[in-house]
1. Identify, by number, the condition in (1) in a loop (DSSP other than H, G, I, E, B); (2) within 20 Å of residue 256 (Cα to Cα); (3) more than 8 Å from the ligand (Cβ to nearest atom) that residue 38 doesn't meet.
2. Evaluate the following for residue 219: is it in a helix (DSSP H, G or I), under 18 Å from the mean Cα position of the chain (by Cα) and under 21 Å from residue 42 (Cβ atoms)?
3. Assuming residue 299 fulfils every condition listed in (1) closer than 16 Å to residue 233 by Cβ; (2) assigned to a strand (DSSP E or B) apart from one, which condition is it?
4. How many of the residues making up the range 213-232 are more than 17 Å from residue 14 (Cβ to Cβ), touching a helix residue (DSSP H, G or I) at 6+ places or on another chain (Cβ under 6 Å) and buried (at least 18 other Cβ atoms within 10 Å of the Cβ)?
5. So which residues in the range 26-58 are on the phi > 0 side of the Ramachandran plot and either exposed (fewer than 15 other Cβ atoms within 10 Å of the Cβ) or more than 22 Å from the chain's Cα centre (by Cα) (or both), if there are any at all?
6. Tell me, yes or no, whether the range 265-286 has at least one residue that is surrounded by fewer than 19 Cβ atoms within 10 Å (Cβ to Cβ) and within 16 Å of the ligand (Cβ to nearest atom).
7. Of all residues in the range 2-28, which are away from the ligand (no atom under 15 Å from the Cβ) and either without any contact (Cβ under 8 Å) to a residue 12 or more places away in the chain or touching a strand residue (DSSP E or B) at 6+ places or on another chain (Cβ under 6 Å) (or both)?
8. Restricting attention to the range 154-173, does a residue exist that is buried (at least 22 other Cβ atoms within 10 Å of the Cβ) and over 18 Å from residue 128 (Cβ atoms)?
Ligand SMILES: NC(=O)c1ccc[n+]([C@@H]2O[C@H](COP(=O)([O-])OP(=O)(O)OC[C@H]3O[C@@H](n4cnc5c(N)ncnc54)[C@H](O)[C@@H]3O)[C@@H](O)[C@H]2O)c1
């Protein structure tokens, strides 16, 4: 079987390529990456050693995709994945749309042409920032949590948001490109009949991630802590109580392997959450406490000014994935943090190499 992975040199793309090569005998993986993410070039030799064919190319460019041989499945891991992309001076809004949406359209054409299945990695940032900021929260043990007596909110349960939570704008430019990609993928799959799975992920984290404050926050925090780089709690009263869940890419890979094996099983959901869920969720303050026990204390600055697009609590309920696929994450947050900390200790210059 041949699988085509876009963004194959990225954190998630390279992890999936490695896991899928180990899972399927006779697997052939061809990947494309334009190496625009600092650090992505570091994964090239590792992938070549695994016999993954890595092509330097860009999904915005149709002719780069036209030369890829027919694959049974496409896994789309190429994107500018930051919620600040297009607004923070690193590239324009138009470039963001070209990478994240026009790139997806080119892949949809490829899938239509070859009848390839598509696995689209989407994000929890498709959800309404206004509605997320209106959730009734209380602070407890250094973290925001939902007020349990207030759980009459549409599409929020004790385990987090369900897939029906509001996607009403504002959702950020990044969120908009991913939501638009989801919709276009659903329409192409419906119109042309190729298989589609949309895996809407919360934070994904682990060793080897190219961390920045606006993307890969668990990894960024641990790496910064390890080498005593300045850190600050932004917004939310400067408490660091804001919470996200986290998933290891190997857990994502187990699900994707099952999705590939199931082919076009129409009894399975097309779109669902794939996340670490409530048990994995931690606040910045709690990650700090973990880092203090692993390293030693490190002063955290405070900037109470709210930052655009920030949300206080974003936890995805992945109950649908459990019911449909029998899938649950197996790698704990503590193991994810330990893995990142080991990597940080072995690679003290990591943030400088990969933060561009
Ligand atoms: N990491 C997370 O926490 C997270 C969470 C939810 C969803 N996602 C999604 O998962 C996917 C992968 O994210 P990641 O964390 O591996 O990001 P990453 O930045 O590590 O990897 C993305 C890769 O895509 C490449 N790329 C970007 N634009 C390209 C283009 N036009 N053509 C070819 N290659 C291009 C980059 O060079 C990079 O190697 C993205 O779609 C992202 O939206 C990630």
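1. Going through (1) in a loop (DSSP other than H, G, I, E, B); (2) within 20 Å of residue 256 (Cα to Cα); (3) more than 8 Å from the ligand (Cβ to nearest atom) one by one, residue 38 breaks only (2).
2. On the way: in a helix (DSSP H, G or I): yes; under 18 Å from the mean Cα position of the chain (by Cα): yes; under 21 Å from residue 42 (Cβ atoms): yes.
In short, yes.
3. Condition not satisfied by residue 299: (2).
4. Step one: list which residues in the range 213-232 are more than 17 Å from residue 14 (Cβ to Cβ), which gives 213-214, 217-218, 220-232.
Adding the requirement that they be touching a helix residue (DSSP H, G or I) at 6+ places or on another chain (Cβ under 6 Å) leaves 213, 221-223, 225-226, 231.
This time we only want the ones that are buried (at least 18 other Cβ atoms within 10 Å of the Cβ), so: 221-223, 225-226, 231.
Number of matching residues: 6.
5. Looking only at the range 26-58, we keep the residues that are on the phi > 0 side of the Ramachandran plot, and these are 26, 35, 39, 51.
Matches in the range 26-58: 26, 51.
6. Checked the range 265-286: at least one residue is surrounded by fewer than 19 Cβ atoms within 10 Å (Cβ to Cβ) and within 16 Å of the ligand (Cβ to nearest atom).
7. Narrowing the range 2-28 to residues away from the ligand (no atom under 15 Å from the Cβ): 2-3, 21-28.
Across the range 2-28, the qualifying residues are 2, 3, 22, 25, 28.
8. no
Bear in mind that the values in this text are calculations on the coordinates, not laboratory data. A quick note: this is a predicted structure, and the numbers were derived from the prediction, not measured. Heads up, the Cβs are rebuilt from the backbone with ideal geometry, glycines too, and the neighbour counts pull from every protein chain shown.
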